[in-house]
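The values are calculated or read from the model by the stated rules, or taken from the named source; none is laboratory data. Just so you know, these numbers come straight off a predicted model, no measurement behind them. For neighbour counting, all protein chains shown are included, and Cβ atoms are generated from backbone atoms with ideal geometry for every residue, glycine included.
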Amino acid sequence: RKRVVVLLSGNGSTLQALIDQQPDSHYEIVAVFSNRPDAYGLQRAANANIPQHAFDHKDFSDRSLFDQHMMQKINQLNPDYVVLAGYMRILSSKFVRHFSGRLINIHPSLLPKHKGLNTYQSALESGDCEHGTTVHFVTAELDSGAIILQSTLPIRHSDTVQTLEQRVKSMEQKVYPLALDWLCSGRLICKDNAVWLDNQPLPKQGYS
Ligand code: GAR
């Protein structure tokens, strides 16, 4: 099994899905890190007997020092992959470069649409007919690395931020463990910023 470290900042429902699928997968979550000591995701890790580490970014004078510290702690665990699961802090380019090809994220939009925050509101305000989620490799540019997988759902007339979020999240909880398992089983690789699944190049917008 591949060794996986998860980074989060909040509720951790995405982590929970990864934990729940772990027995049927090729990964083992060896630690959870949070930049928020009060993140509920830490409790979920504790409930699953996964070691947790919380570092308050406010205790560090700048982003690069904080990331440097995290990097050292993560390196000690020898992870094969570092998985962002609702980690709501931009990572320094040094951190991203260090884990390049081994660092993935899930973002609640059909990238390249709606990068950054408040993606549900932004999709509704743009009058989009569909929304969804994207699993991608992380590069120094925000929400821009090679796409592994996208999952789409139609936006209903009656949708609000809350209803849309609920549907997208339940989709995320299915696809993120799947994508991580592809990676950890060796089925999925990234070469020169292109993603291959079972020796086939994936289309630029990823698998869907
Ligand atoms: C997830 O929906 C994830 O896609 C999003 O944060 C949520 C975390 O929920 N990530 C981002 O917006 C990253 N830019 P959780 O704390 O319940 O797992």
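Quick test of your reading of the structure: L180 fulfils all but one of (1) exposed (fewer than 13 other Cβ atoms within 10 Å of the Cβ); (2) modelled with pLDDT of 95 or more; (3) within 19 Å of the chain's Cα centre (by Cα). Name the failing condition by number.
The failed condition is (1).
Determine whether the stretch 148-162 contains at least one residue that is touching a residue at least 60 places away in the same chain (Cβ under 8 Å) and either of a type outside the set (A, V, I, L, M, F, W, C) or touching a Ser or Thr at 6+ places or on another chain (Cβ under 8 Å) (or both).
no
Give me the pairs, please: first residue somewhere in the stretch 59-74 and touching a residue at least 12 places away in the same chain (Cβ under 8 Å) and surrounded by 16 or more Cβ atoms within 10 Å (Cβ to Cβ), second residue anywhere and part of a loop (DSSP other than H, G, I, E, B) and of a type in the set (F, W, Y), beta-carbon distance under 6 Å, and either six or more positions apart or on two chains.
F66/F60
Going through I29, I50, I19 one at a time, which residue ends up being in a helix (DSSP H, G or I), surrounded by 16 or more Cβ atoms within 10 Å (Cβ to Cβ) and within 16 Å of the ligand (Cβ to nearest atom)?
None of the other options fit; the residue is I19.
Just checking, which of S9, S25, S93 is small (G, A, S), within 26 Å of E141 (Cα to Cα) and modelled with pLDDT of 95 or more?
S9
Just to be sure, is V175 β-branched (V, I, T) and either at positive phi or part of a helix (DSSP H, G or I) (or both)?
Against the criterion (β-branched (V, I, T) and either at positive phi or part of a helix (DSSP H, G or I) (or both)), V175 qualifies.
Would you point out which residue out of S109, S61 is in a loop (DSSP other than H, G, I, E, B) and either aliphatic (A, V, I, L, M) or within 11 Å of the ligand (Cβ to nearest atom) (or both)?
S109
Is the stretch 192-208 home to any residue that is more than 22 Å from T14 (Cα to Cα) and acidic (D, E)?
Yes, because at least one residue in the stretch 192-208 is more than 22 Å from T14 (Cα to Cα) and acidic (D, E).
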